[in-house]
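This report concerns only the one structure given below.
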Amino acid sequence: MADITSDELKQRQQAGETPTIIDVREPWEFEESRIPGAQNIPLNSLPTKLDDLEDLKDQEVIVHCKSGARSASASAFLKQQGFTNVRNLLGGIQGYQA
């Protein structure tokens, strides 16, 4: 699946959709600002949370970070673990808040 833009995500949220959003930033970053409905799983903790995410393997999962680099790594990792519909939020939260 292709990456997702901030505009597409916002439009979907405004339409009442509640996609699964994983914020892979550190907890202190998550506390400073967050996308509504996102859950915080820092990138370095992702391998230990795979069992918790098992039910999402065939569902859309949107990952994001500050600018898109860490979430690109998270997206690649999740795809390697068998997740079939992972999308990276282009521009991260910076793009979302712009």
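The values are calculated or read from the model by the stated rules, or taken from the named source; none is laboratory data. What you see is a predicted model; the values in this text were computed from it and never measured. Protein only, heavy atoms only, side chains kept; ligands, DNA and RNA dropped before computing areas. Shrake-Rupley method; radii C 1.70, N 1.55, O 1.52, S 1.80 Å.
Ratio of Rg to Rh for the chain, alpha carbon only, Kirkwood?
With Rg and the Kirkwood Rh in hand, the quotient comes to 0.93.
On the accessible surface of the chain, probed at 1.4 Å, how many percent belong to carbon and sulfur atoms?
Reported share for carbon and sulfur atoms: 47 percent.
Using a probe radius of 1.4 Å on heavy atoms only, what accessible surface per residue do you get for the chain? Whole Å² is fine.
54
Springs between alpha-carbon pairs under 10 angstrom, Gaussian network model over the chain: which of A15, A72, A38 fluctuates most?
A15
Not counting ligands, DNA or RNA, and with a 1.4 Å probe, what is E26's accessible surface area in Å² rounded to the nearest 10?
About 60 Å², ignoring ligands and nucleic acids.
Taking 0.36 nm per residue of sequence separation and subtracting the Cα-Cα distance, how much length would be gained by fully extending the chain between Q13 and Q94, in nm to one decimal?
27.4 nm
If only Cα atoms are counted, what is the Rg of region 1-45, and what is its Dmax, in Å?
11.5, 33
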